[in-house]
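Visitor: Here you go, one structure.
All of the numbers you see were taken from the coordinates with simple rules; none came from a lab. Keep in mind that what you see is a predicted model, and the values were worked out from it rather than measured. Note: ideal-geometry Cβ built from the backbone for every residue, glycine included; neighbour counts use all protein chains shown.
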Amino acid sequence: MSRIVVIGSSCSGKSTFSQYLAKKSEVEYIELDQLHWLPNWKERPDEEFRELVNKATSSSSWIVDGNYSVARDIVWPRATKIIWLNHSFSLVLYRSITRSIVRSATKKKLFAGNVESFKQTFFSRDSIILWVLKTYHNKRKSYFKLLKQIEAKGTEVIELKNQTQVDDYLKAANHLHIKPIKSNG
């Protein structure tokens with residue numbers, strides 16, 4: 001019965017980390033971005049999003065990646081562990097730029113079939129690069145406080161500060177005590 005939340009700045013590697021961990025541990029992977037975004041980069045209404053998150057996290061084992069504060073009161077109290085990918089600003093900014101260039105060049109389809117465009121990436125208020133610049137430092141400060149509170153309530157909190165720690169954690173994933181619940185039917 002492991003319920004893990006993976007948080008971190010945009011472009012910290014949450015999805016890649018979570019997908020790998022979910023595959024290794026044979027538990028359901030839930031991507032909050034997938035539940036949040038509608039076609040044409042339209043945001044799902046909060047109440048509808050919260051309902052989807054509530055339903056998705058009602059099972060006994062899962063790994064969730066995402067930072068949506070509007071659903072934090074649903075997800076975090078259910079978690080047995082929160083893993084914070086707390087990378088440096090320079091690494092996250094670099095990843096946001098390179099990821100955006102690759103995605104806009106390849107037209108990779110994302111959540112609800114959305115595609116990042118060059119214009120959106122570099123000349124828009126909706127730019128993920130601009131989002132990282134605006135939110136990184138404030139999120140980091142708030143996570144320090146929020147994670148201390150949730151840890152005091154008994155949830156295990158793991159902070160991974162660099163890619164070496166992330167890689168080491170994933171290498172050890174085969175030895176984690178994350179067991180899927182097997183049905184008898």
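Visitor: Give me the net charge for the shell around GLU31: Cβ to Cβ below 12 angstrom, other residues only, Lys and Arg +1, Asp and Glu -1.
Guide: Within the 12 Å Cβ shell, the charges total -2.
Visitor: Estimate the FRET efficiency between ASN40 and LYS108 by the formula 1/(1 + (r/R0)^6), using the beta-carbon distance for r and 25 Å for R0, to the nearest 0.05.
Guide: Step by step, r from the Cβ atoms, then E = 0.95.
Visitor: Pull out the extension gain between PHE144 and THR80, defined as 0.36 nm times the separation in residues minus the alpha carbon to alpha carbon distance; nm, one decimal.
Guide: Taking 0.36 nm per residue and subtracting the Cα distance, the gain is 21.2 nm.
Visitor: Give the aspartates and glutamates whose C-alpha is closer than 16 Å to that of LYS107, dropping any in the same chain fewer than 8 places away, or say none.
Guide: GLU116
Visitor: Also, quick follow-up: If you stretched the chain out fully between GLN19 and ILE158, how much longer would it get, using 0.36 nm times the residue separation minus the C-alpha to C-alpha distance?
Guide: So the extension gain works out to 48.3 nm.
Visitor: Moving to a separate point now. From the phi of every residue in region 59-75, what ³J(HN,Hα) in whole Hz does the Karplus formula 6.51 cos²θ - 1.76 cosθ + 1.60 yield, where θ is phi - 60° and glycine or proline is x?
Guide: 7, 8, 9, 6, 10, 10, 10, x, 10, 5, 5, 5, 10, 4, 5, 8, 7
Visitor: Provide the gained length on full extension for the span LYS171 to LYS55, in nm with one decimal, where the gain is 0.36 nm per separating residue minus the Cα-Cα distance.
Guide: 38.7 nm
Visitor: Still on this structure, I have one more. How far apart, in nm, are two points set 7 Å out from the Cα along the Cα-to-Cβ line at SER117 and at HIS137?
Guide: 3.2 nm
Visitor: Still on this model: On a 31 Å Cα-Cα criterion, which of the cross-link pairs LYS24/LYS161; LYS23/LYS139; LYS108/LYS153 come out too long?
Guide: Check vs 31 Å cut-off fails for LYS108/LYS153.
Visitor: Work out the charge dipole of the chain with +1 on the Cβ of Lys and Arg and -1 on the Cβ of Asp and Glu about the Cα centre, then indicate which of ASN138, PRO45, SER61 is farthest towards its positive end.
Guide: With unit charges placed on the Cβ atoms, the residue in question is ASN138.
Visitor: What are the membrane-span-like helices in the chain by this rule: whole DSSP H runs, Cα extent along the axis at least 24 Å, mean Kyte-Doolittle hydropathy at least -0.5?
Guide: Helices passing the filter in the chain: 89-106, 128-152.
Visitor: If each residue's Cβ is checked for other Cβ atoms within 10 Å, how do LEU38, LEU147, LEU85 rank with the fewest at the top?
Guide: Taking fewest neighbouring Cβ atoms as first place, the list is LEU38, LEU147, LEU85.
Visitor: Sticking with this structure for a sec: May I ask you to work out the translational diffusion coefficient for region 18-83 at 25 °C, viscosity 0.890 mPa s, via Stokes-Einstein with Rh from the Kirkwood sum over Cα pairs, reported in whole µm²/s?
Guide: Once the numbers are plugged in, D ends up at 199 µm²/s.
Visitor: Sticking with this structure for a sec: Compute the orientation-averaged projected area for region 3-175 from the convex hull of its Cα atoms and round it to one decimal in nm².
Guide: Hull-based average projected area comes out at 9.9 nm².
Visitor: Arranged by the count of other C-beta atoms within 10 angstrom, fewest first, what order do SER9, SER60 take?
Guide: Ascending Cβ contact count within 10 Å gives the list SER60, SER9.
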